[in-house]
1. Of all residues in segment 203-252, how many are open to solvent by 10 Å² or more (accessible area, probe 1.4 Å), in contact with a Phe, Trp or Tyr (Cβ under 7 Å, 6 or more places away or on another chain) and closer than 23 Å to Asn474 by Cβ?
2. Could you list, in sequence order, the residues of segment 401-417 that are touching a Leu at 6+ places or on another chain (Cβ under 6 Å) and under 22 Å from Val326 (Cα atoms)?
3. Can you work out which of the residues in segment 278-308 that are touching a Gly at 6+ places or on another chain (Cβ under 8 Å) and modelled with pLDDT of 70 or more is farthest from Val228 (Cα to Cα)?
4. Using beta carbons and a limit of 6 Å, which pairs, at least six apart or on different chains, have the first residue in segment 59-79 and farther than 14 Å from Ala361 by Cβ and the second one among the polar types (S, T, N, Q) and at pLDDT below 95?
5. Does segment 16-58 hold any residues that are free of Cβ contacts under 8 Å to residues at least 60 places away in the same chain, farther than 30 Å from Ala207 by Cα and open to solvent by 60 Å² or more (accessible area, probe 1.4 Å), and which are they?
6. Suppose we filter segment 351-382 for residues that are of a type outside the set (Val, Ile, Thr) and more than 30 Å from Ile144 (Cβ to Cβ); how many remain?
7. I want to confirm something. Restricting to segment 138-152 and keeping residues that are under 23 Å from Ser428 (Cβ atoms) and in contact (Cβ under 8 Å) with a residue 60 or more places away in the chain, which single residue is farthest from the chain's Cα centre (by Cα)?
8. Do you know which residues across segment 71-93 are open to solvent by 10 Å² or more (accessible area, probe 1.4 Å) and of a type in the set (Val, Ile, Thr)?
Amino acid sequence: MSETSTSPIKPPLIVLAIETASSGFYNGFSKIVTIPAKVIVALIILWAILFPEQAEEALAIANTSIIREFAAWYVYLVAFLAIVSFVLAIIPSTGSLRLGTAEEKPEFSSFSWFAMLFGAGIGIGMLTYSTGEPLAHFSNNPDIIRGMVAPISAEAVRPAYIYTFLHWGFAAWATYALVGLAIGYVAYRRNLPLTIRSALVPLFGKAMSGVAGHVVDIVAVVATVLGVAVTMGLGVEQFVVGLNRLGIGDWLVGSNGTASAAAIIVALAVLVGASTLSALSGVGRGIKWLSNLNMGLSFLLIAVFLIFGSGLFGLQLLATGIYDYVVNLPILAVTLWSADGTTTGDALAQWQLDWSVFYWAWWIAFAPFVGMFIARVSRGRTVREYVFGVVLVPSLMCFIWMSLVGGTAIDLELSGVAEGAILNAGISDQLFATLSVLFDPAVALIMSGLVVILLMTYLITSADSAILIINTINGAGEDEDEVERRHHILFWGAAIALVVGSMLILGGIDAIRITMIIGALPFSFVVALMAISVTKAVIYDLIRKKHGVWTTSKGAEAAILAEGA
């Protein structure tokens with residue numbers, strides 16, 4: 001160790017002790033993380049079930065006060081995360097660093113890697129919003145609010161796609177990439193536990209073994225449950241509406257066009273039950289297989305819209321949309337509208353709260369789950385390959401999907417063929433309505449069945465991935481094969497189902513949305529620290545390399561062996 005002893009910089013910390021139970025029900029788990037997280041989630045469920053009126057009133061107050069106060073924080077934080085991710089990838093010296101040792105190779109093929117990124121990321125939301133978001137912005141967006149274009153007009157299409165791509169592009173995936181990078185970099189290079197707290201070790205060192213680290217992991221677990229609840233809520237609503245379209249029964253949908261309480265309960269029992277079984281099989285088996293199936297079905301559905309839908313119109317939207325998005329991104333990423341008492345100003349501020357702030361909070365709440373999952377399947381990749389792969393490829397997939405599927409829906413409305421049948425449908429029904437307008441009844445039924453199957457596989461993949469990641473955090477970074485976790489998988493599966501069910505029945509998707517935005521707030525501060533922490537880790541490793549100091553756990557082993565020799 002003589003080289004490091006005279007160096008102006010110390011080697012990195014390669015040991016982070018996290019106390020776990022050695023026997024009993026919590027064998028292999030950190031009780032001080034697992035039990036409080038379970039209690040908090042249980043209290044949220046009981047609050048919604050036992051005190052629905054008070055819960056609804058509290059959520060309404062939060063929606064008009066807390067969320068509005070932190071709108072700027074969410075907007076600027078997401079812009080900051082994207083900048084950090086791309087800078088680390090672009091700089092040659094930092095981008096060439098590997099999530100692991102220099103000789104490590106990726107565990108999964110590129111196709112399986114991309115499939116798992118996409119399936120565990122925003123596959124469900126994409127199905128709901130592929131038509132829902134372009135159509136919503138086609139009817140109302142900041143350009144329409146400011147009187148620059150007329151709603152539901154040919155001129156409204158181009159700005160509709162700027163804002164659609166803004167929400168489903170680099171911001172979402174850069175947030176996931178940053179969290180996964182911060183975790184994977186220290187976990188695979190320094191052999192630290194694959195858990196959220198490890199990402200903050202470059203900033204706080206051994207302090208993350210104690211109370212501060214426990215709090216970080218608890219916050220991450222709660223944020224994960226609430227983040228996946230939004231995704232599951234959207235998926236369940238659309239899944240039930242799809243079953244209704246298939247003629248399963250009128251009892252599935254209530255008089256207001258949304259899923260009935262009975263349908264929600266039955267759907268959650270089936271879907272979460274299936275996801276729990278998949279979670280028991282692990283990442284390399286059930287989740288990998290379902291993710292590949294998701295990707296295959298997604299490509300099939302896109303091909304259908306490309307060939308039989310408004311393919312040329314959609315490709316034109318894709319090209320102009322990407323151009324407009326990239327050109328306007330630097331300004332849009334930091335634009336903040338504030339209520340100023342004017343009709344226009346208040347409308348712009350409310351639009352941003354309803355759309356951009358909701359999305360930024362959703363991505364942040366989803367980040368511990370997706371970031372952990374991405375880190376779990378990305379060992380061996382360089383920082384540059386990791387960031388560009390995680391950000392660019394899924395973003396492009398979202399853009400293609402939104403352009404072809406949403407573009408077909410808009411084209412059918414602009415041409416007068418749909419006669420308002422798509423625009424007037426609920427957001428969960430708009431994709432099915434598009435298929436009904438596009439095809440004759442028999443073919444539309446088959447295609448709706450395909451969408452229902454795709455929804456089911458995406459729901460199962462998202463839920464089982466979230467369950468596994470929650471248990472990985474609670475298990476101090478150990479994966480599913482190293483500690484007994486069957487009962488805990490069952491608990492978290494039931495907890496997710498109860499959060500989704502209670503909130504959907506309480507106040508619909510809006511109740512879940514508001515709860516999630518509030519729940520994401522504590523973790524947003526953790527994410528900001530993670531961005532600073534991984535930047536410090538990378539910079540210090542470059543300095544260490546310059547001075548001949550080891551930067552990986554294997555480098556430490558080699559240094560010890562050399563000293564012994």
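1. Counting residues in segment 203-252 that are open to solvent by 10 Å² or more (accessible area, probe 1.4 Å), in contact with a Phe, Trp or Tyr (Cβ under 7 Å, 6 or more places away or on another chain) and closer than 23 Å to Asn474 by Cβ gives 2.
2. Hits for segment 401-417 are Ser403, Leu404, Gly407.
3. Among those residues, the one meeting the criterion is Leu306.
4. none
5. Those that are free of Cβ contacts under 8 Å to residues at least 60 places away in the same chain, farther than 30 Å from Ala207 by Cα and open to solvent by 60 Å² or more (accessible area, probe 1.4 Å): Leu46, Trp47, Leu50, Phe51, Glu53, Gln54, Glu57.
6. Total satisfying the criteria: 12.
7. Restricting to residues being under 23 Å from Ser428 (Cβ atoms) and in contact (Cβ under 8 Å) with a residue 60 or more places away in the chain, the top hit is Ile152.
8. Listed by number, the residues that qualify are Ile83, Val84, Val87, Ile90, Ile91.
The values are calculated or read from the model by the stated rules, or taken from the named source; none is laboratory data. Keep in mind the model is a prediction, meaning the values are calculated, not measured. All Cβ positions, even for glycine, are placed from backbone atoms using ideal geometry, and neighbour counts span all protein chains on display. Accessible surface is based on the protein model in full, side chains and every heavy atom, while ligands, DNA and RNA are left aside. Shrake-Rupley method; radii C 1.70, N 1.55, O 1.52, S 1.80 Å.
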